[in-house]
Amino acid sequence: MSATPDRAPGGLGWPAAVAVASVGLGYGLTRWSAADPHNRMLPWILGRSLGIAAYLCLVALVGLGLWFGHPVRRSGRRRLHPASVLRLHAALAVATLVLALGHVSALVMDHYARLGVWGAILPGRAGYRAWPVAAGTLGVYAGLVAGLSAALAGGMARRIWLPIHRLAAITVGLIWFHAVLAGTDTPALRWMYILTGGLILLLGVSRHLIPRPVPS
């Protein structure tokens with residue numbers, strides 16, 4: 001590998017591009033899965049679009065993190081410099097957080113969702129499918145802890161921050177259950193959830209089962 005890192009977009013370019021692409025895909029999936037989206041309240045449409053976009057960003061975020069340390073990637077040719085992968089990983093994290101906050105904010109404003117401010121903050125307080133919604137709330141909190149551990153990695157020993165950062169696996173599990181059990185459009189999107197959940201499970205299991213390459 002070259003000693004000189006390749007150039008990668010910096011600043012807000014990566015997060016903005018990821019967020020815009022995710023929102024577009026999320027809105028398209030929402031319109032496709034809803035029978036008549038134009039007759040629904042705008043906050044509900046916006047909330048579902050942002051929620052699906054946040055979920056897809058989270059899958060990409062965790063999937064990239066699992067692949068970054070995967071034995072198959074380490075034993076093969078690395079097409080991207082680690083610095084580029086980390087920039088993309090950080091961009092996905094920012095985009096996921098922004099989209100998740102937008103998702104929650106839109107549903108708090110929607111009377112149909114019966115979420116409310118306290119339902120968004122405290123697990124089990126939502127008026128609509130309380131425990132599936134609680135899984136989403138806990139998933140956001142676990143994700144914030146995992147993200148904070150990465151932000152503080154430079155000032156902490158690896159043996160301390162890395163186990164905390166692996167809370168991301170719990171995050172994606174909680175958010176998956178939240179999306180499947182709380183979403184009104186789950187039947188129409190079930191194959192998306194099966195494929196994305198299966199991908200993360202495959203990466204996570206194979207990462208631990210495949211022997212790591214021995215340094216030469």
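The values are calculated or read from the model by the stated rules, or taken from the named source; none is laboratory data. Quick caveat: nothing in here was measured; it's all calculated off a predicted structure. Positions of Cβ are backbone-derived with ideal geometry, glycine not excepted, and every protein chain shown enters the neighbour counts.
In table form, for the structure just shown:
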{"quantity": "Odd one out for residue 83, checked against (1) aliphatic (A, V, I, L, M); (2) touching a residue at least 40 places away in the same chain (Cβ under 8 Å); (3) part of a loop (DSSP other than H, G, I, E, B)", "calculated": "(3)"}
{"quantity": "Near pairs, Cβ below 9 angstrom, 6+ apart or cross-chain, from region 100-124 (without any contact (Cβ under 8 Å) to a residue 60 or more places away in the chain) to any residue that is among the charged types (D, E, K, R) and assigned to a helix (DSSP H, G or I)", "calculated": "103/48"}
{"quantity": "Any hit, region 101-116, residues being under 19 Å from residue 165 (Cβ atoms) and not polar (S, T, N, Q)", "calculated": "no"}
{"quantity": "Set 161, 176: member being surrounded by 13 or more Cβ atoms within 10 Å (Cβ to Cβ), part of a helix (DSSP H, G or I), modelled with pLDDT under 90 and not small (Gly, Ala, Ser)", "calculated": "161"}
{"quantity": "Some residue of region 205-212 being hydroxyl-bearing (Ser, Thr, Tyr) and over 22 Å from residue 92 (Cα atoms)", "calculated": "yes"}
{"quantity": "Members of region 41-64 found to be crowded, with 24+ Cβ neighbours inside 10 Å and not aliphatic (A, V, I, L, M), listed by number", "calculated": "47, 48, 49, 51, 55, 57"}
{"quantity": "Set 169, 188: member being in contact with a helix residue (DSSP H, G or I) (Cβ under 6 Å, 6 or more places away or on another chain), part of a helix (DSSP H, G or I), surrounded by 13 or more Cβ atoms within 10 Å (Cβ to Cβ) and not polar (S, T, N, Q)", "calculated": "188"}
{"quantity": "Cross-chain or 6+ apart pairs with Cβ under 9 Å, region 178-197 first and more than 23 Å from residue 140 (Cβ to Cβ), then assigned to a loop (DSSP other than H, G, I, E, B)", "calculated": "188/34"}
{"quantity": "Region 90-137, residues that are among the polar types (S, T, N, Q) and crowded, with 22+ Cβ neighbours inside 10 Å", "calculated": "96"}
{"quantity": "Unmet criterion (only one of (1) crowded, with 20+ Cβ neighbours inside 10 Å; (2) of a type in the set (Val, Ile, Thr); (3) more than 22 Å from residue 183 (Cβ to Cβ)) for residue 72", "calculated": "(1)"}
{"quantity": "Checklist (1) assigned to a helix (DSSP H, G or I); (2) touching a residue at least 24 places away in the same chain (Cβ under 8 Å) applied to residue 148, failing item", "calculated": "(2)"}
